[in-house]
Amino acid sequence: MTNNEVMLGGNGTVGSPDGVCKRMRSTELRRCGKILSAAAGLLCLSILAGCSQGPSSSNPPIAAQDRVPLPSVYPALRGTVGQYAGLGYTGPIVVRGWGLVAGLPNTGSGQMPPPIRKLMLNRLLRAGIGFYTRGTGDIDPNQILNSKQVAAVAVEGAIPPLATQGTSFDVYLKALPNTGTTNLENGLLWPVGLRVHIRLADQSDVVARARGPVFCNPFTSKGTLKPANAIVRNGRVIGGAMVLHSVPAVLELYTPSYRITDLIQRVINQHYGNYPAVATAENDQVVKVRILHRYRHYPMRFIRRIMELYLAGNVPGFNAHQAQVIIRSLRDPAAPHAALGVALEQLGEPIIPILNKHYNSSNPAVAYYCLQAGARLGDSDAITDISKIALDTTSPFERKAIYTLSHCHDRFLAGVTFRKLLRSASRKVQIMAYKALLTIHSSIVYSQEISQKFIMDIVPGHQRCTIYVTTHRIPRIAFLGRIPSLAPGALYISPRDALTVNYLPAKTKTANDKKTAPPKEPVTLYYRSPLTGQTVSMKCGAALPSILATLAGAPNPFAKHFNPHQPFIGASYQRVVEMLYTLCHSGQVDADFHMETISGKNRLLMATLNRPRPSRSTMTPSAKKGLATQPSSTPFSTRLPGELPAGAQNSPSH
């Protein structure tokens, strides 16, 4: 009988079916016991491993290249969005292009490399130059490029972080090397497209466009005007570039997690609104953020607020407890006070009673940052105390208080405080008060746009006038205080004799002279065009704003009653700034002249314009603010044709 027959219960010599079954059952039990003991051992090992490594995650394993070291977070800021995610595209996006500056008084050069000349020629042809069907058949594009009234320049700029479509920014110009260009002052940059990569053989898409009048710093390092024969091969177009595509705001998790991205999305939407959603979790690593309209001019401020949101803010009692934790942390001199102040504000209006108890704290940092949070949350008591700090010249938080007051809800009290600050002995405080008045759109600031060249602001007051000139983003000339006028007999002649301003005093009356009223327009403006040699003479009043409006004004050719024969000078912003400086420093105008200086942030930006950028970068945490930065990545496309490898230099041709 076979084994099968024994198992089936047949009779045979091997043994009875009952005995066989007993032996088989004992063998299987021993085998199962060994398997169970081995499984139990593995289970114990896994439990011990889990206890040593912390709670297990249901997420898939993370690749080594995707692991990013978490930034160091101050203890009171643990549990915020900034602990788990960083912001992509935090750095400015450098863009470049090749342009043409025209309107130069024979200080340009027709010299340029052949690839650049071909590029400029094609650009002129696409603009319709040299075609009878466009009415420009008598204009030769090659003749334009060979003229000394034009100069080829390299155009560079930096799109601000998280810039929206239509945002303006400055561009910097540099005459091409090995060319005869000697001066770019008062030139006009013709429209040029700016790209992330400008290698002629393989260019990326146009992401911004630039055009406008060229402004060259008219002062030397010692603060005096440059001589008339100075060689000026660098310049800028103030606010002359415009962004064509919005830069997306993207939060990237340091460690991928669907649970964390979903939690960040819900916390942001509950705090800032969900219709439409402010935050959208794209996947386990990316949360896309929509910049709110009220923060369109300050997108980074909005992102910093998001970074200080606590993920446990919806837990009952958490906000009140965390407010106490933050207030205690403010007493630490090494604590990140600015970040703690923002986190305190993000806890919401329910913590105002807690803040109110610390408005008069003996610790200056605790008192100020509690007042700052209370003022931004709408507490009227905090706004009143913040205005007192802004007026206190001995307070270390004076300038911070001015900034906070310019973004609070009580615009009336803020305006009253800023008007008092305009009489401050500190020029920096005066200028901060003026900018704060612009921020709150105060009615005491009278603004007039002069022929789309610059904005003239008049802030009346009883103090000596300060003339403030800006050189960044928006060209503005502000008169802070008494409106200045030219002194009788004043005479100004520009460095190259193109402009003359003369105030002829009224003749001395004699007994036989008839009584006549003094002339209403005693100032004569005389201008000779450096290009054509044509002269224009105009009359205006002695007040400086009247002189500026007449000097830089030009008729609008699209106006309904446009008169093509109306005389005008149309002086550039550069000529106006040079005139104001000379009149103030020569004592012919009772006013102080001050020109905006380039901040450290913009100075660093200018230094990085020519720095080569790698073609691919990774997100690295910032040690200072805990934000992840991608200074070399671009949000406009996932792939840039012709992007150079790290360390390679851009060149106009192969």
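The values are calculated or read from the model by the stated rules, or taken from the named source; none is laboratory data. Keep in mind it's a predicted model, so treat the numbers as computed, not measured. Virtual Cβ from ideal backbone geometry, glycine too; neighbours counted across all protein chains shown. Quick note on the areas: whole protein, heavy atoms, side chains included, nothing else; ligands and nucleic acids left out. Shrake-Rupley method; radii C 1.70, N 1.55, O 1.52, S 1.80 Å.
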Counting only protein heavy atoms and rolling a 1.4 Å probe, one gets per residue an accessible area for segment 93-250 in Å² of 44 Å²
In whole Å, what is the distance between the alpha-carbon centres of segment 411-470 and segment 219-270?
26 Å
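Among 450-457, 315-322, how do they line up by average Cβ neighbours within 10 Å per residue, starting with the highest?
450-457, 315-322
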Let me spell out the model: positive unit charges on the Cβ of Lys and Arg, negative unit charges on the Cβ of Asp and Glu, origin at the Cα centre of segment 289-358. What dipole size does that give, in debye rounded to 20?
260 debye
Can you tell me what the convex hull of the Cα atoms of segment 301-361 projects to on average, as an area in nm²?
4.4 nm²
What whole-number value in cubic angstrom gives the convex hull volume per residue for the C-alpha atoms of segment 68-129?
239 Å³
Give me Rg over Rh for segment 345-474, both radii from the alpha carbons and Rh done the Kirkwood way, two decimal places.
1.03
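How large, in percent, is the carbon and sulfur part of the accessible surface of segment 172-307 at a probe radius of 1.4 Å?
That share works out to 51 percent.
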Using alpha-carbon positions, what is the distance between the centroids of segment 147-188 and segment 316-343, in Å?
46 Å
Express in whole angstrom the spacing between the alpha-carbon centres of segment 70-126 and segment 565-582.
30 Å
Scoring only Lys, Arg, Asp and Glu (+1, +1, -1, -1) among other residues with Cβ under 13 Å from the Cβ of Asp379 yields -3
Note, ³J(HN,Hα) from phi for segment 466-475, Karplus 6.51, -1.76, 1.60, rounded to Hz, x at Gly and Pro
10, 9, 10, 10, 9, 9, 9, 6, 10, x
Might you report the magnitude of the Cβ-based charge dipole of segment 332-457 about its Cα centre, with Lys and Arg at +1 and Asp and Glu at -1, to the nearest 20 debye?
520 debye
Volume per residue, Å³, of the convex hull around the alpha-carbon atoms of segment 216-313?
188 Å³
Starting from the coordinates of the alpha-carbon atoms of segment 108-259, obtain the Kirkwood hydrodynamic radius over all distinct pairs and give the value in Å to one decimal.
17.8 Å
So what is the accessible area of segment 382-535 per residue, in Å², with the probe set to 1.4 Å?
56 Å²
Kirkwood Rh and Cα-based Rg: tell me the resulting Rg over Rh for segment 64-188, rounded to two decimals.
1.25
